[in-house]
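Input: a single structure, listed below in structure tokens.
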Amino acid sequence: MIKRLTLKIARIETETKNVKTFHFSHKLEAEPGQFIMVTDYENGEKPFSLSICELDHFAITVKRIGDFTNQLFQKKCGDYLSIRGPYGSSFFVSKKKVLLVGGGCAVPTLYFLSKRLLSNNADVTLINGAKTKDELIFVDKFHSLFIQEYFVTDDGSFGEKATSVQKAEEILKTDNFSFVYASGPELMLFALKDKLKKINYEFLLERYMKCAIGVCGSCTIDPLGIRMCVEGPVLNREKIEKLTEFGHYHRDASGKRIGF
Amino acid sequence: MHKRLKIKFLGSEIDSPIVLPAGVMDMSFSSLQDAIINGAGIVTSKSLTVQPRAGHEGPVVAEFEGGMLNAMGLCNPGIDDGLKEIEQFKTNFAAPVIVSIFATNVHDFMQLAKKVDHSSAEFLELNLSCPNVFDEFGIPLAASPQQVFEIIKAVKEMTSKPVIAKLSPNVHAIIPIAESAQKAGADALCLINTVGPGMLIDIRMRKPILKNKFGGMSGPCIKPIALKLIYEVHSKIGLPIIGTGGVQSGEDVIEMWMAGASLVGVGTAVHYNGMNIFTKIKQEIIQFLEDQNYHLLMDVPRLPSQVREK
Ligand SMILES: Cc1cc2nc3c(=O)[nH]c(=O)nc-3n(C[C@H](O)[C@H](O)[C@H](O)COP(=O)(O)OP(=O)(O)OC[C@H]3O[C@@H](n4cnc5c(N)ncnc54)[C@H](O)[C@@H]3O)c2cc1C
Ligand SMILES: Cc1cc2nc3c(=O)[nH]c(=O)nc-3n(C[C@H](O)[C@H](O)[C@H](O)COP(=O)(O)O)c2cc1C
């Protein structure tokens, strides 16, 4: 199925010095955890998770880290971008008491998930963690959802001084959750996995994506050989436990293995 | 149970006629394994080069009604790391492997072939036909019978493994090229690589959709071209053929077989259905054999050959 759209940027929101949210006025039929490929046809094409997806609009939240994202940060309202998707697997939307664990710029996808969980009457608790205060994102947006929320920073500059994983471990000891969702840097997820001995979970994992439609093989993950752009980026516990690659290495644009 | 689909190919007996072709889903040992688990008989590596290549910037693919364009730009981890993936594949799986190699000159082809010769792979495929690196390397080698001859001759001296030449459909006469491949000692041919290349435009942004502007066409729209070339080459040249181009179903495999293919590559269709498309295709072939009262796929007669010209 051809899923390409050429859309004008409807609004740009500055989240932090290095993070912006790009809004588009278009109805996109998508599920939380799914991503889109974005290009201006000049600077490459890159994957971004949907952070907001409402009846008549959607958004992505982008951290500036390299060439592509730098160029994206130069765009203005009304500029066109070419978008394809949504692609990939999505989070299971529970009805029960669930814990969401987010780290850094991978948190916004959990906002889209929270909204879906809430409309499904789930009981949502969120841990939003970052290195430091300036890097915490979506604080106000999550606040407006009236969920149970914990903010943590590595340096204690906002909320509690702890990592997302430490906080999760603490809360899981005292409270009963039926499911954990997490999105963040791979080593955070890898550390979190060890704390989730009994509970079911889903993680969003990032791998280098090129075609995003499951033909090129760039984003396959060992030893299952599944395509992270189609069978991922959201994987469940059963699959994650089988991965030998998770937490150890990923492949770059050429397919060469790079250690974490 | 699918022994009915076994095929003899270059002295090996292969359980399934389905080949995972070069460049599709074959970056890692684990995706090669997944292809076998899902019913492929042989898997091919990415086209490996002397040095790693990151490939072209995106967009590298563009879909359209009849298939897709791709300009991956030969991304691969380089021959050394690429062969490591093959060795890892071989630690758990016995299925035959084709290593595809790409170079722009005889010397590099020889160097690559030597490395493949020392690997556990069964077959060596020469990608003489990538249409997506024109800016970098110019016209594909497969456009020149002379170059095809020189490369294959040189490579044959470096390896005892059977050599498959992957040819381009984008030439005005394929027979002289296939003939030179045969004269130089090629053991089999793979037909076809992607067609065109073609182009698509985003009319709102007034830009080509592919960053590389042009990309090789694959998928259902190229099947008739593949069939025609396979039929023509099979009629005139005795070499076994891996038929590739637009195959999506068991009936497509039968068509390729009738045209003259011994094995059949299934690439772009993996995008539509994932690797379990191979399982579906195998079931459909069996269904055809049942309906038409053939026991083995190998019992299905080919089309009568084209009468020799001249
Ligand atoms: C499923 C998925 C969802 C993502 N969601 C978001 C998001 O919501 N917000 C956000 O800011 N970022 C997200 N990313 C990461 C984003 O794609 C990269 O930040 C971006 O590609 C960087 O490009 P660059 O040119 O600016 O930086 P570069 O300097 O090119 O790259 C910096 C790093 O980004 C990663 N990266 C680069 N290209 C790719 C690629 N094609 N595929 C995957 N990773 C790549 C690599 O780890 C690389 O080391 C997501 C990635 C994936 C796979
Ligand atoms: C994404 C993609 C990458 C490809 N990469 C290569 C490659 O590296 N080497 C090669 O010989 N052919 C490559 N091809 C061509 C395929 O092997 C095959 O010949 C062609 O796509 C036609 O078959 P199909 O229609 O079943 O895909 C590639 C095709 C696609 C779609």
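The values are calculated or read from the model by the stated rules, or taken from the named source; none is laboratory data. Remember, predicted model here, so these are calculated numbers, not experimental data. Virtual Cβ from ideal backbone geometry, glycine too; neighbours counted across all protein chains shown. These accessible areas exclude ligands, DNA and RNA; they are computed on the full protein's heavy atoms, side chains included. Shrake-Rupley method; radii C 1.70, N 1.55, O 1.52, S 1.80 Å.
Scoring B:Met217 on the criteria (1) within 13 Å of chain A (Cβ to nearest Cβ); (2) open to solvent by 30 Å² or more (accessible area, probe 1.4 Å); (3) away from ligand 1 (no atom under 16 Å from the Cβ) leaves a single failure, condition (1). Of the numbered criteria (1) away from ligand 1 (no atom under 14 Å from the Cβ); (2) within 30 Å of B:Pro77 (Cβ to Cβ); (3) in a loop (DSSP other than H, G, I, E, B); (4) basic (Lys, Arg), the one A:Lys210 fails is (1). Filtered by the rule that a residue be of a type outside the set (S, T, N, Q) and open to solvent by 20 Å² or more (accessible area, probe 1.4 Å), the range A:8-36 gives A:Lys8, A:Ala10, A:Arg11, A:Ile12, A:Glu13, A:Glu15, A:Lys17, A:Lys20, A:His26, A:Lys27, A:Glu29, A:Glu31.
All conditions but one from (1) in contact (Cβ under 8 Å) with a residue 12 or more places away in the chain; (2) open to solvent by 70 Å² or more (accessible area, probe 1.4 Å); (3) of a type in the set (S, T, N, Q) apply to A:Asn128; the one that does not is (2).
Number of residues in the range A:134-182 that are under 24 Å from A:Glu202 (Cβ atoms) and not in a helix (DSSP H, G or I): the value is 21.
Residues satisfying the criterion are absent from the range B:249-266 (criterion: surrounded by fewer than 22 Cβ atoms within 10 Å (Cβ to Cβ) and of a type in the set (Phe, Trp, Tyr)).
Each row is one residue, and each column tells you yes or no for (1) among the aliphatic types (A, V, I, L, M); (2) open to solvent by 50 Å² or more (accessible area, probe 1.4 Å); (3) touching a helix residue (DSSP H, G or I) at 6+ places or on another chain (Cβ under 6 Å); (4) away from ligand 2 (no atom under 16 Å from the Cβ).
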residue	(1), (2), (3), (4)
A:Phe203	no, no, yes, yes
A:Ile213	yes, no, yes, no
A:Val230	yes, yes, no, no
A:Val234	yes, no, no, yes
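With respect to B:Gly73, determine if the residue is within 12 Å of ligand 2 (Cβ to nearest atom), part of a helix (DSSP H, G or I) and either within 12 Å of chain A (Cβ to nearest Cβ) or crowded, with 23+ Cβ neighbours inside 10 Å (or both). No, not satisfied. A search for C-beta distances below 7 Å between a residue of the range B:147-167 that is open to solvent by less than 10 Å² (accessible area, probe 1.4 Å) and any residue that is among the basic types (Lys, Arg) and away from ligand 1 (no atom under 16 Å from the Cβ), counting only pairs 6+ apart in sequence or on different chains, returns B:Val163/B:Lys156. Identification of strands (runs of 3 or more DSSP E) wholly contained in the range A:31-124 with 2 or more residues that are touching a residue at least 60 places away in the same chain (Cβ under 8 Å), away from ligand 1 (no atom under 15 Å from the Cβ) and under 18 Å from the mean Cα position of the chain (by Cα) yields A:97-103.
Residue by residue, here is whether (1) out of contact with any strand residue (DSSP E or B) (no Cβ under 7 Å at 6 or more places or on another chain); (2) not in a helix (DSSP H, G or I) holds:
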residue	(1), (2)
A:Gly217	yes, yes
A:Pro223	yes, yes
A:Cys229	no, yes
A:Ile240	no, no
A:Gly247	yes, yes
A:Gly255	no, yes
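Taking the range A:67-84 as the range and being more than 12 Å from chain B (Cβ to nearest Cβ) and either over 15 Å from A:Ile9 (Cβ atoms) or within 16 Å of ligand 2 (Cβ to nearest atom) (or both) as the test, only A:Asn70 passes.
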